[in-house]
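Notes follow the structure.
The values are calculated or read from the model by the stated rules, or taken from the named source; none is laboratory data. None of these values were measured; they are calculated from a predicted model. Glycine also receives a Cβ, built like all others from the backbone with ideal geometry; neighbour counts cover every protein chain displayed.
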Amino acid sequence: MKLEAPDRQLGAEARLGLGVFGTALALLVVRFLVPRPIAMSNNGDGGRVLCGAGITWKGLPEPFVHLVYPPTPETCRPTYLLTQSWLADLAVRIGRLIGLHGTLSLVILGLLSSVIAAAAVTAIVLGLPHPRRTRLFVAAALLLVVADSAVFGYFAAILGEGAAFLGLLLAVGGLLLTAREGRWSYAGMAVTFAGGVLAVNAKVQTLTILPILALAILFTRPGPLRGAKRWASAVLVIGAIGAVTLYAQQSVEPARAPDGTYSDFPGDDSREINVFNSIFLNIVDGRHDTQADLAELGLPLSFAQYAGNGWWHPHPARIDPLYPRYRDRMSRGNVVAYFAHHPGRTLEVLDRAATDQLTARPDYLGSFDQEAGFPPHAQEHRVPVVSWLTGLLAPLGLFALVPIWLFVLVRAWLRRRTALGVVVAFLFAVSVTQFGTAALGDGIEGIKHQSVALFALLVAVTLCSCPLNSGQEPTVP
């Protein structure tokens, strides 16, 4: 019996999807395990992810990776949710099936993340309205980004960035599939929901992705739907992501701030710490007019002795007897007002943050477990292509980053009436907002905190490599 044209097309798409998924998964598994598993070591924040997976861990920044985290008798509740905890908890449950009772194996976590990453790349490839050759080129480029040494280690780590990367990939694939006709569109809505939940709740910093993703969903027209049904489906997906986010973030332990107060708002236990670091590392840094900066911020001139000393420095301002009197000056509003009135200093901070972003990989996150025989903080460089290229541009700071932004923005504008244009604009907006939030909202770990912004930008650049072929792409309002 001869197959009709739609059936033949569906069969061809299914074969393409299975081929891309199988190849991507095989490559990522080999990249992960050969010659031995790799991850990212704990920078001190890993206890949050482990707590969400039911494991209490009080480890300080560690030079080596722990491939296994055994169960503990103590119980804990995280003060805010990281969706990497969900993946870690799922890895624990899978481990029980093979006899690892309550133990988190980073090998299982890395394999699980590899499956999700391969599925996300497949969704993007199936969503692209381009010839097979172009789609396979995009798949290869995406795999280079995902497998890069500055990115891949997060997937098997007890850090929040890995879930953010996976969520962004799934959201992109979901949006592109949503614009396709037939059942693909409904599958795309489900994938967008899953990716949105993962990305938005990956860290407190990534909560700002929610309104950007909501706009992207509204502007991506579901292939088979028109009129009220089209808007109802978008509202349904946005509402579902928002509802899960609200429920998840309210189901954690109330945050206890350093001043002893409690709050149900995610991340309030570290708000004062972040602002403190921004003030004493970005503004009162000892390299500018310290006394004028202190006066502008409403802080006593005696705090000049703490210039350049962050929250965890051996001699920080928070131990000063006068600090409780000026704690109210450690506010986001105070920092925003300073940067608004000092554009030169703002540009200086942003330029340093641009260098951090393009540097791509912090030197204090090791890749190996202690039994591997490497020195502390040793890092693998199996797939260094993308981070090597960005590292070459890093010394240029904003002079390199701004032209990349403009390139992405122009390509998004040229495709403004297509689903691909919406996706590129979404990634651009995520990258820029994450860049600004990390640059001005915290003064420490700049390279690590810029990783989500960099990943979104790299995926956008990869999609911009598609040839302009808007005549064959689904249009949006």
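The table for this structure:
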| item | result |
| --- | --- |
| Matching residues, segment 359-375, being touching a residue at least 24 places away in the same chain (Cβ under 8 Å) and small (Gly, Ala, Ser) | 360, 366, 367, 372 |
| Which numbered condition residue 443 fails, given (1) out of contact with any helix residue (DSSP H, G or I) (no Cβ under 6 Å at 6 or more places or on another chain); (2) within 26 Å of residue 283 (Cβ to Cβ) | (1) |
| Residue check, residue 263 hydroxyl-bearing (Ser, Thr, Tyr), exposed (fewer than 15 other Cβ atoms within 10 Å of the Cβ) and at pLDDT below 95 | yes |
| Some residue of segment 397-410 being part of a helix (DSSP H, G or I) and touching a Lys or Arg at 6+ places or on another chain (Cβ under 6 Å) | no |
| Test for residue 433: is it in the same structural domain as residue 45 (by TED's automatic domain parsing), hydroxyl-bearing (Ser, Thr, Tyr) and farther than 19 Å from residue 179 by Cα | yes |
| Any chance residue 116 is without any contact (Cβ under 8 Å) to a residue 24 or more places away in the chain, aliphatic (A, V, I, L, M), surrounded by 14 or more Cβ atoms within 10 Å (Cβ to Cβ) and not in a loop (DSSP other than H, G, I, E, B) | no |
| Filter pass, residue 74 being over 23 Å from residue 203 (Cβ atoms), part of a loop (DSSP other than H, G, I, E, B) and not hydrophobic (A, V, I, L, M, F, W, C) | yes |
| Tally, over segment 411-436, of residues that are at pLDDT below 95 and surrounded by fewer than 20 Cβ atoms within 10 Å (Cβ to Cβ) | 4 |
| Qualifying residue in segment 121-134 (condition: within 17 Å of residue 54 (Cβ to Cβ) and among the aliphatic types (A, V, I, L, M)) | no |
| Close pairs from segment 382-395: first in a helix (DSSP H, G or I), partner of a type in the set (Lys, Arg), Cβ under 7 Å, at least 6 apart | 387/361 |
| Candidates 303, 368, filtered to the one that is buried (at least 17 other Cβ atoms within 10 Å of the Cβ) and under 20 Å from residue 283 (Cα atoms) | 303 |
| Candidates 383, 349, filtered to the one that is of a type outside the set (Asp, Glu), under 23 Å from residue 455 (Cβ atoms), in contact with an Asp or Glu (Cβ under 7 Å, 6 or more places away or on another chain) and modelled with pLDDT of 95 or more | 383 |
| Filter result for residue 461 (without any contact (Cβ under 8 Å) to a residue 40 or more places away in the chain and either of a type outside the set (S, T, N, Q) or within 26 Å of residue 222 (Cα to Cα) (or both)) | no |
| Considering residues of segment 76-111 that are aliphatic (A, V, I, L, M) and at pLDDT below 95 only, the residue nearest to residue 166 (Cα to Cα) | 82 |
| Scan of segment 149-205 for residues that are surrounded by 24 or more Cβ atoms within 10 Å (Cβ to Cβ) and among the basic types (Lys, Arg), ordered by number | 203 |
| Which listed residue, of 82, 60, is assigned by TED's automatic domain parsing to the domain that holds residue 118 and crowded, with 16+ Cβ neighbours inside 10 Å | 82 |
| Pair list, Cβ under 8 Å, 6 or more apart: segment 43-70 residue within 18 Å of residue 95 (Cα to Cα), other residue charged (D, E, K, R) and modelled with pLDDT of 90 or more | 52/89; 53/89; 54/89; 66/369; 67/369 |
| Enumerated helices (runs of 4 or more DSSP H) restricted to segment 152-236, each holding at least 1 residues that are out of contact with any Gly (no Cβ under 7 Å at 6 or more places or on another chain), modelled with pLDDT of 95 or more and acidic (Asp, Glu) | 161-178 |
| Members of segment 400-431 that are of a type in the set (D, E, K, R) and touching a strand residue (DSSP E or B) at 6+ places or on another chain (Cβ under 7 Å) | 417 |
